[in-house]
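To start, I am sharing the structure in question, which I have written as structure tokens.
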Amino acid sequence: MPRSNRPSRRRGSFEPHDEFDPTRVLFGTRRTVAKRDGIWNVQPLAPTSAQKTYLCPGCSLDIGPGTGHVVTWRADGLFGEQDDLAARRHWHSHCWNIRP
């Protein structure tokens with residue numbers, strides 16, 4: 001029997017998707033990562049959104065404006081979410097990935 005080249009779904013059927021969130025497009029998707037020292041929230045920052053100069057805690061070099069990087073903060077802090085957000089840091093993506 002020859003194979004069918006028709007799509008397995010009908011064209012009119014679709015699965016519902018999450019509601020469109022413009023902040024997700026501008027700022028990336030936040031994810032939770034477990035590292036050796038705890039659980040961290042990691043959010044990528046697009047080059048178009050990076051408008052200031054930050055100091056990477058991994059390599060102690062500047063992250064210039066227009067450079068894509070990640071913003072991290074603790075997800076399991078002892079003093080609450082507001083303190084964790086206040087202590088967030090900007091890392092080069094590579095520096096964050098090689099961090100143990």
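Test of understanding: extend the Cα→C-beta vector of His94 to 7 Å, then name every residue of the range 48-78 with backbone N under 20 Å from that spot.
Hits in the range 48-78 for His94 at 20 Å: 48, 50, 53-72.
Another one. Assuming R0 = 22 Å, what is the FRET efficiency of Gln82 and Gln51, from their Cβ-Cβ distance, to the nearest 0.05?
0.40
Normalised by the number of residues in the range 52-100, what is the relative contact order in percent for Cα pairs under 8 Å and 6+ residues apart? It would help to have the intermediate numbers written out before the result.
Working: 63 pairs, mean separation 20.2, N = 49.
Value for the range 52-100: 41 percent.
Let me ask something additional. May I ask for the percentage of alpha-carbon pairs in the range 22-98 that lie more than 19 Å from each other?
The share of Cα pairs beyond 19 Å in the range 22-98 comes to 34 percent.
I've got another one for you. Using just the alpha carbons, could you tell me how many Å³ per residue the convex hull of the range 46-86 encloses?
Spread over its residues, the Cα hull of the range 46-86 gives 85 Å³ apiece.
Read-outs throughout are calculated quantities, based only on the coordinates presented, and are distinct from any laboratory measurement. Here the structure is a predicted model, which is why all the values come from computation and not from measurement. Cβ: placed from backbone, ideal geometry, glycine included. Neighbour counts: every protein chain shown.
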